[in-house]
Amino acid sequence: MATLLKHSAKYALSGRLARLGVHSRHGGLQCLQPRLLPHQRSASTSSKILVEMDDSTGIAVLTMKNPPVNSLSLDFLTEFSISLEKLELDRGCRGVILTSALPKIFSAGLDIMEMYGKSPEHCGEFWKAVQEMWLRLYGSSMITIAAINGSSPAGGCLMALACDYRIMAENPKYSIGLNETQLGIVAPFWFKDTLVNTVGNRAAELSLQLGLLYSAPDALRTGLVDLLVPEDKVLSTASQTMTQWLAIPGENAIGSNPRVSSS
Ligand SMILES: CCCCC/C=C\CCCC/C=C/C(=O)SCCNC(=O)CCNC(=O)[C@H](O)C(C)(C)COP(=O)(O)OP(=O)(O)OC[C@H]1O[C@@H](n2cnc3c(N)ncnc32)[C@H](O)[C@@H]1OP(=O)(O)O
């Protein structure tokens, strides 16, 4: 692992930005249309991420569109971090809703093909990109809400956990959890810490040791998600919730985030 991290430290995000040439307005899949509301002013899309920014509210919707299952490949993670960095630098953006364009899947977690038969350099680069995604999301100074409109195992669950609030579709077929143990791997300590910070020690112990995948109702009971709503209300509820959070006086909902504020 130390070797992997050493390799990864050499890798710069800006280099990947240049290589990818992201944010072509007309890129992406034809079946995935932007859901622009009349008052929204801007949308940008790279091949795997769609960002729709509503300048009147300061709320951006970041939609993952990496079929078939929104797996977190190196290219996806790079585009994701770049999109989030751009929003972070945009003074008009105060909140980000993270969701999926794919039916039934929020994210399947790390792309398994990125970890199989690859060079140490590639593995280092990939692992750095995973960490960067988490750092950007968990340390964001914007309000972040996960609108979980499908299953979200392992790294997909980590993404949701790294947001400030989680709203999940109450579909009995969807599941969420850090199920690494069931896959024969141990969840890294920062996956574990993110879970502990959300559900507490005992629930996290059980969850990690048994590699539990929770149904939506069980995820709510455990505190893994904060709210269940009908599937077609996930995004609108996320939007309403964001508006409430952003209305907290003095932007204290942002300033009181223990992850980004030392006071
Ligand atoms: C590189 C160095 C690393 C060093 C560190 C070492 C270890 C650290 C471990 C870190 C912790 C790991 C975290 C992870 O996230 S590991 C990934 C865990 N995720 C899974 O196991 C998800 C597996 N997938 C599923 O459970 C299901 O696919 C589903 C997401 C529930 C969707 O089910 P369904 O709608 O029935 O679709 P299919 O199962 O038919 O899948 C469709 C195609 O998608 C491919 N697929 C699925 N998951 C992944 C994935 N994670 N990565 C890549 N590809 C994936 C699947 O193979 C199908 O492909 P096909 O159509 O070509 O057959």
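Just checking, how many residues over the range 159-210 are within 12 Å of the ligand (Cβ to nearest atom) and over 20 Å from the mean Cα position of the chain (by Cα)? Looking only at that region, the number is 7.
When you check Gly109 against the structure, is it at positive phi and buried (at least 21 other Cβ atoms within 10 Å of the Cβ), yes or no? Don't jump to the end; show me each part of the working.
Numbers: at positive phi: yes; buried (at least 21 other Cβ atoms within 10 Å of the Cβ): yes.
Yes.
Scanning the range 111-145 for residues that are over 30 Å from Ala247 (Cβ atoms), within 20 Å of the chain's Cα centre (by Cα) and more than 8 Å from the ligand (Cβ to nearest atom) gives Glu125, Lys128, Ala129, Gln131, Glu132.
Right, Cys123: surrounded by fewer than 22 Cβ atoms within 10 Å (Cβ to Cβ) and either without any contact (Cβ under 8 Å) to a residue 24 or more places away in the chain or over 30 Å from Ile248 (Cβ atoms) (or both) or not? Quick ask: steps written out before the conclusion?
Numbers: surrounded by fewer than 22 Cβ atoms within 10 Å (Cβ to Cβ): yes; either without any contact (Cβ under 8 Å) to a residue 24 or more places away in the chain or over 30 Å from Ile248 (Cβ atoms) (or both): yes.
In short, yes.
On the basis of being within 23 Å of Arg259 (Cα to Cα) and within 16 Å of the ligand (Cβ to nearest atom), does Ala219 make the cut?
Values: within 23 Å of Arg259 (Cα to Cα): yes; within 16 Å of the ligand (Cβ to nearest atom): yes.
Yes: the conditions hold for Ala219.
What are the residues in the range 64-105 that are aliphatic (A, V, I, L, M), more than 10 Å from the ligand (Cβ to nearest atom) and either closer than 25 Å to Gly250 by Cβ or not in a helix (DSSP H, G or I) (or both), if any? Of everything in the range 64-105, those that are aliphatic (A, V, I, L, M), more than 10 Å from the ligand (Cβ to nearest atom) and either closer than 25 Å to Gly250 by Cβ or not in a helix (DSSP H, G or I) (or both) turn out to be Met64, Leu84, Leu87, Leu89, Val96, Ile97, Leu98, Ala101. Among the numbered conditions (1) over 21 Å from Asn179 (Cα atoms); (2) touching a residue at least 24 places away in the same chain (Cβ under 8 Å); (3) more than 14 Å from the chain's Cα centre (by Cα); (4) surrounded by fewer than 22 Cβ atoms within 10 Å (Cβ to Cβ), the only one that Ile82 does not meet is (3). With respect to being within 14 Å of the ligand (Cβ to nearest atom), touching a Pro at 6+ places or on another chain (Cβ under 9 Å), among the small types (Gly, Ala, Ser) and within 19 Å of Leu161 (Cβ to Cβ), Ala108 fits the description. Gly156 fulfils the conditions (1) over 22 Å from Thr45 (Cβ atoms); (2) part of a helix (DSSP H, G or I); (3) within 8 Å of the ligand (Cβ to nearest atom) except for a single criterion, (1).
Values in this text are rule-based calculations from the coordinates and carry no lab data. Note that the coordinates shown come from a computational prediction; the quantities given were computed from them, not determined experimentally. Cβ coordinates were reconstructed from backbone atoms using ideal geometry, including for glycine residues, and neighbour counts include every protein chain displayed.
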